[in-house]
Amino acid sequence: MAKEGFNSKAGAIAAAAGSAVGLGNIWRFPYVLGQNGGAAFLLIYIFFMLLIALPVLISEFAIGRKAGLPVMAAFQKLAPGKKWYLIGFSGVFCAFFISSFYNVVSGWTLYYTYISATGQLTTLSESGIEAMFTQTASDPVVCMLWMFVMLGITGFVVSRGVEKGIEQYSKILMPILLILIVIVCIRAVTLPNAADGISFLLKPDFSKITPKALFEALGQSFFSLSVGMGTMTTYGSYISKKQNLSQSAVSVAMIDFFIAFLAGLMIFPCAFAFGINPGQGAGLVFVTLPNIFNQMSMGQVISVLFFFLLVVAALTSSISLLEVVVTYLKTQFNIKRKYATLIAVTCIALLGIGCSFSTTLFNFFDNISANVMLPLGAFFIILFVPHVLGRDAIKAELEAHGGKFKLFNLYFFLTKYVVPIAILLIFINNILSWMGINTFDK
Ligand code: PFF
């Protein structure tokens, strides 16, 4: 096949894992969990991951591979003359929104690599580390410049169509990131007061479960797995027919969850050891980790490596986001990849400038994309499976490698009833709580 894609069998799966694993695991997951009370949120998150986000991932892979086309064209081919392709269209918007704040956070990460390398973090006290982040996040020029650098690198990679090269590197670099995370975890859980952080993460307090927590756990599970906007549908089109799709989706979800969990195990003991508020929001990773690095032998080297590898993880995710927009512009307006990238990067840069200047805008994009757009996208993708594709077609695709999908009946039941109803209920519940009607008896 001479389409843009991945040659090696495992390539497409590695790329999907590269899209899934990113800032969502190490930056977003701990801060959202910290704001929603800890362990109870973790439990709901696991539940949603297994029962809702994973079936959506399996479905996206199957739709993409069945059509053999990127998201918009895939829905056009499988439901000709119908409006389902609008799912791809909303995915393009969502990619813009996510990219705008995602690149700002990638920019912070790159900036932290730089200030680690130049020793500016090593000399700081605990309060100095906190002040450093506040200063970084509230300086629009710093945010903007480093965001431009990250966006520039992402744009360069996408315009040359060399994602495959990056995937090659990331296949080597990501296991190193994992090893580093484990090392930092070991240091974190042996800090004084670490036990408080561990019980924050592992000992559920169910009174902390609110409509908002449910809503945010759902959004985070979609954000982290990159589902609900067609990215994984496009990756599905690159996966070979010989691959077992459901197994691949389970592997991606397991890797993704494992890394998010380890990030929690790194960050919360550290937050409790250094008296940092775990619910403080988007700066959590940046105000906790430098404290551990400063307590480790070779801490500076570990710090530089850690932030650098986080930049790489962010890059593979932001490439997948930009690719969604570029593929759309390229096919819709019949323009060259180079120009499509230039237009996309310019628009994202404009939104990114907004996010650099305004925390409100930053939080708005962060919230609306993960908690509203992705669940809505997922809702329609999941309706498509039983109601348009139908049971036999999806089963045939999921078993195209020649094996049997043993849990197919469970998957189909989840897809037909549980996932759409759960998304609707969680939405309604949250709207009611916004209106001041408390649906939870506490
Ligand atoms: N899953 C990515 C992360 O956890 O960092 C973020 C993301 C990438 C979301 C691509 C959606 C997407 F299409």
Please indicate, with yes or no, whether at least one residue in segment 160-182 is of a type in the set (Asp, Glu), at pLDDT below 95 and touching a Phe, Trp or Tyr at 6+ places or on another chain (Cβ under 8 Å). yes
Return the residues of segment 206-239 that are polar (S, T, N, Q) and within 13 Å of the ligand (Cβ to nearest atom); say none if nothing qualifies. Gln220, Ser221, Ser224, Ser226, Thr231, Thr233, Thr234
Assess whether Lys164 counts as being touching a residue at least 24 places away in the same chain (Cβ under 8 Å), exposed (fewer than 14 other Cβ atoms within 10 Å of the Cβ) and of a type outside the set (S, T, N, Q). no
Cβ pairs under 6 Å, 6+ apart, first in segment 240-256 and part of a helix (DSSP H, G or I), second within 16 Å of the ligand (Cβ to nearest atom) and of a type outside the set (A, V, I, L, M, F, W, C): Asp256/Ser224
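Residues checked against (1) assigned to a helix (DSSP H, G or I); (2) on the phi > 0 side of the Ramachandran plot; (3) away from the ligand (no atom under 13 Å from the Cβ):
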| position | (1), (2), (3) |
| --- | --- |
| Phe47 | yes, no, yes |
| Leu51 | yes, no, yes |
| Leu54 | yes, no, yes |
| Glu60 | yes, no, no |
| Gly81 | no, yes, yes |
| Tyr85 | yes, no, yes |
Boolean, Phe47 is of a type in the set (Phe, Trp, Tyr) and buried (at least 24 other Cβ atoms within 10 Å of the Cβ): no
What is the one condition in (1) within 13 Å of the ligand (Cβ to nearest atom); (2) farther than 26 Å from Ile239 by Cβ that Gly18 does not satisfy? (2)
Return the only residue of Leu310, Leu289 being within 16 Å of the ligand (Cβ to nearest atom), under 23 Å from the mean Cα position of the chain (by Cα) and in a helix (DSSP H, G or I). Leu310
Go through (1) within 16 Å of the ligand (Cβ to nearest atom); (2) surrounded by fewer than 17 Cβ atoms within 10 Å (Cβ to Cβ); (3) farther than 25 Å from Ile423 by Cβ; (4) not β-branched (Val, Ile, Thr) for Met254 and report which single condition fails. (3)
Confirm whether Pro386 is assigned to a helix (DSSP H, G or I) and free of Cβ contacts under 8 Å to residues at least 60 places away in the same chain. yes
Looking only at segment 391-426, how many residues end up being part of a helix (DSSP H, G or I) and under 20 Å from Leu50 (Cβ atoms)? 21
Starting from segment 329-341, take each residue that is free of Cβ contacts under 8 Å to residues at least 12 places away in the same chain and list its partners that are surrounded by fewer than 19 Cβ atoms within 10 Å (Cβ to Cβ) and not hydroxyl-bearing (Ser, Thr, Tyr), counting only C-beta distances under 7 angstrom and pairs at least six apart or across chains. Lys330/Arg337
Considering only residues that are at pLDDT 95 or above and over 17 Å from Pro30 (Cβ atoms), look in segment 191-224 and name the one that is surrounded by the fewest Cβ atoms within 10 Å (Cβ to Cβ). Ala195
Looking at segment 375-429, which of the residues that are among the hydroxyl-bearing types (Ser, Thr, Tyr) and crowded, with 19+ Cβ neighbours inside 10 Å is nearest to Gly230 (Cα to Cα)? Thr415
Scan Thr341, Thr346 and give me the residue that is farther than 29 Å from Glu216 by Cβ, away from the ligand (no atom under 16 Å from the Cβ), modelled with pLDDT of 95 or more and within 22 Å of the chain's Cα centre (by Cα). Thr341
When segment 70-79 is examined, which residues are found to be surrounded by fewer than 22 Cβ atoms within 10 Å (Cβ to Cβ) and either in contact (Cβ under 8 Å) with a residue 40 or more places away in the chain or not in a helix (DSSP H, G or I) (or both)? Ala73, Leu78, Ala79
Restricting attention to segment 94-108, does a residue exist that is more than 16 Å from the ligand (Cβ to nearest atom) and farther than 18 Å from Asn371 by Cβ? no
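The values are calculated or read from the model by the stated rules, or taken from the named source; none is laboratory data. Please read all numbers here as calculations on a predicted model, not as lab measurements. In this analysis, Cβ positions are derived from the backbone assuming ideal geometry, glycine residues included, and neighbour counts consider all displayed protein chains.
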